[in-house]
Structure formats: structure tokens, C-alpha cells
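Here the structure is laid out as C-alpha cells; the discussion comes afterwards.
The values are calculated or read from the model by the stated rules, or taken from the named source; none is laboratory data. These numbers come from a predicted model, not from an experiment. Don't worry about glycine lacking a Cβ; one is built from the backbone with ideal geometry, like all the others, and counts go over all protein chains shown. For the accessible areas, the whole protein counts, side chains as well, though only heavy atoms, and no ligand, DNA or RNA atoms are used. Shrake-Rupley method; radii C 1.70, N 1.55, O 1.52, S 1.80 Å.
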Amino acid sequence: MRRMHTFLIFILNVLYCWGCFFCLGVLIDIVVFLINMKPIGFTIKGIFDLTKMSGVAGLAAGFGSWAFAKIDEYEARKKKSPVDPDK
């Protein structure tokens, strides 16, 4: 039996995606600082902006994966099982 995709799974997926996008944003900022030969420095405003942007991206990715999982659940319920399992 497959797991049902509940609202808790949706929240956990959004938080996971937010964390991934936040780490990716920090890594990209560090690479940009190194390419431009500037000292690595983060401001509170920069971290806040990165948090907002990764939150939006995490919400979009989490909602997309949740919606596709719900569509797959609907499609699996719509299919009828064969009468004779040996066929």
C-alpha cells in the first residue's frame, strides 16, 4: 500500500525544499563573492531576502510535488483491477 500524501507531508516537503534552496542560495552567494574577488560578507537584509526567495521557491516546489502526487493517487484509484489476477 502506498502512503497517502497528507497535509503534514506537504508541510515537510515545503520545509525540505526551502532548506535546499536556502543552502543553494548561500552557496551561490559565496561563489559570486569569490569570482568578484570581494570579501565574503552577508548582511541581515541579504539573509532575509534569501530566506524570502527560498521560501517562495520551496512553496512552489512543494505544492507542485504535492499536486502531482494527488493526481497520481486519483489516477491509481480510477484504474480498475483485473477480475482474473493471473491474466
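A few remarks follow.
- Stretch gain in nm, segment R77-K52, where the contour uses 0.36 nm per residue and the Cα spacing is subtracted: 5.3 nm
- When the P(r) is computed for the chain, the part past 21 Å accounts for 52% of the Cα-Cα pairs.
- Taking the 1.4 Å solvent-accessible surface of the chain as the whole, the part contributed by carbon and sulfur is 74%.
- Summary of packing: across the peptides 46-57, 67-78, the per-residue average of other C-beta atoms within 10 Å ranks them, highest first, as 46-57, 67-78.
- Each peptide among 30-40, 7-17 gets the average number of other Cβ atoms lying within 10 Å of its residues, and from highest to lowest they stand as 7-17, 30-40.
- Nearest-ten-degree value, helix 7-35 long axis tilted from longest Cα axis of the chain: 30 degrees
- Net charge dipole, the chain: roughly 200 debye, given to the nearest 20, about the Cα centre with Cβ charges of +1 for Lys and Arg and -1 for Asp and Glu.
- Solvent-accessible area per residue, Å², over the chain with all protein chains present [probe radius 1.4 Å]: 84 Å²
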